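Peer 1: Sharing a structure, written as structure tokens. Questions coming.
The values are calculated or read from the model by the stated rules, or taken from the named source; none is laboratory data. Owing to the predicted nature of the structure, the values given are computational and were not obtained by experimental measurement. When we count neighbours, we look across all protein chains shown, and the Cβ atoms used for this are built from the backbone with ideal geometry, even at glycine. Calculation scope for accessible area: heavy atoms of the full protein, side chains included, ligands and nucleic acids excluded. Shrake-Rupley method; radii C 1.70, N 1.55, O 1.52, S 1.80 Å.
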Amino acid sequence: PVKEISGWWRVCFGVSTIPAAILALAMVFCAESPHWLYKQGRTAEAEVEFERLLGVSEAKFAISQLSKVDRGDDTDTVKFSELLHCHHSKVVFIGSTLFALQQLSGINAVFYFSSTVFKSAGVPSDVANVCIGFANLTGSIISTVLMDKLGRKVLLFWSFFGMAISMIIQATGASSLLLNTGALYLSVGGMLMFVFTFALGAGPVPGLLLTEIFPSRIRAKAMAFCMSVHWVCNFLVGLLFLRLLEKLGPQLLYSMFATFCMMAVIFVKRNVVETKGKSLQEIEIALLPQD
């Protein structure tokens, strides 16, 4: 709507400050983490926050469970160097690699530059954005239903596998051997299928899985480390996608993304444990070598 205005991009950035301001104000009313309060020795405040979140009847039970899980470890004593050696390195490696492969699959290149790719296929950018958004929303809704029914590992495995197939379809669509109409259907269909299968598992599952596989003692710093890997890879993919598309061509680039997706399939099969229906202690026993 503002593309005819001089300096239209400034208007877009300005509009973005509205949800940011709403979020900042809403955080004033957000509950503090009861676990964090408990670790700071502020048990009464932790119980108050539990009452806000769970209700009065559940607050006492939640505090008692927290006291059983917490063995007195102080999160603030954990150093980042501890994440990369000893028995913590395996879970941190799994978490950071999952996020790296999630980004190297090319998903944010699709989100950022789908309009450009669709336009080259003759599809208007506004239609492309609506279709991408609809595919993402539909996959996310289905994922919320299946997360606790099928399990995290199953969704991750088949999500990355579906993304690999989708990228192969797009690479085929980019082939000069196909007629224009066939290439159009394969390119557009492959991209929509890619976003849909991403939203089924590779998108939502890593963020949930990591909070379950990290022991409470290292969880905060380990999540921070893995999210840093996530955004560094995101930055590199966004920075290089159009240049690589120009230099290598879509067929080779999409084949590279498909390769990363298949690497993710193998990695999930070999390294990720199923956490559905397991306690945090059971997950920790499965992942961490016992002394």
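Peer 1: Within the range 216-224, identify whether any single residue is in a helix (DSSP H, G or I) and hydroxyl-bearing (Ser, Thr, Tyr), and answer yes or no.
Peer 2: Within the range 216-224, the subset in a helix (DSSP H, G or I) is 219-224.
Next, from what is left, pick out any that are hydroxyl-bearing (Ser, Thr, Tyr): none.
No, the range 216-224 contains no residue that is in a helix (DSSP H, G or I) and hydroxyl-bearing (Ser, Thr, Tyr).
Peer 1: Another one. Pull up the range 157-169, narrow it to residues that are open to solvent by less than 20 Å² (accessible area, probe 1.4 Å) and closer than 9 Å to residue 193 by Cβ, then point me to the one that is modelled with the lowest pLDDT.
Peer 2: So, considering only residues that are open to solvent by less than 20 Å² (accessible area, probe 1.4 Å) and closer than 9 Å to residue 193 by Cβ, the one modelled with the lowest pLDDT is 166.
Peer 1: Related question: Considering (1) aliphatic (A, V, I, L, M); (2) in contact (Cβ under 8 Å) with a residue 40 or more places away in the chain; (3) closer than 24 Å to residue 275 by Cβ, say which one residue 145 fails and leave the rest.
Peer 2: With respect to (1) aliphatic (A, V, I, L, M); (2) in contact (Cβ under 8 Å) with a residue 40 or more places away in the chain; (3) closer than 24 Å to residue 275 by Cβ, residue 145 is out only on (2).
Peer 1: Under the condition of being of a type outside the set (A, V, I, L, M) and assigned to a helix (DSSP H, G or I), which residue from the range 144-158 is farthest from residue 95 (Cα to Cα)?
Peer 2: Looking at residues that are of a type outside the set (A, V, I, L, M) and assigned to a helix (DSSP H, G or I), I get 149.
Every residue, every condition in (1) of a type in the set (Gly, Ala, Ser); (2) closer than 24 Å to residue 170 by Cα; (3) open to solvent by less than 50 Å² (accessible area, probe 1.4 Å), yes or no:
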position: 128; (1), (2), (3): yes, yes, yes
position: 142; (1), (2), (3): no, yes, no
position: 145; (1), (2), (3): no, no, no
position: 149; (1), (2), (3): no, no, no
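Peer 1: Against the definition (under 25 Å from residue 222 (Cα atoms), open to solvent by less than 60 Å² (accessible area, probe 1.4 Å) and modelled with pLDDT under 80), how does residue 66 come out, yes or no?
Peer 2: For residue 66, the condition - under 25 Å from residue 222 (Cα atoms), open to solvent by less than 60 Å² (accessible area, probe 1.4 Å) and modelled with pLDDT under 80 - is met.
Peer 1: Determine, yes or no, whether residue 29 is modelled with pLDDT of 85 or more and under 24 Å from residue 215 (Cβ atoms).
Peer 2: Spelling it out, it is not the case that residue 29 is modelled with pLDDT of 85 or more and under 24 Å from residue 215 (Cβ atoms).
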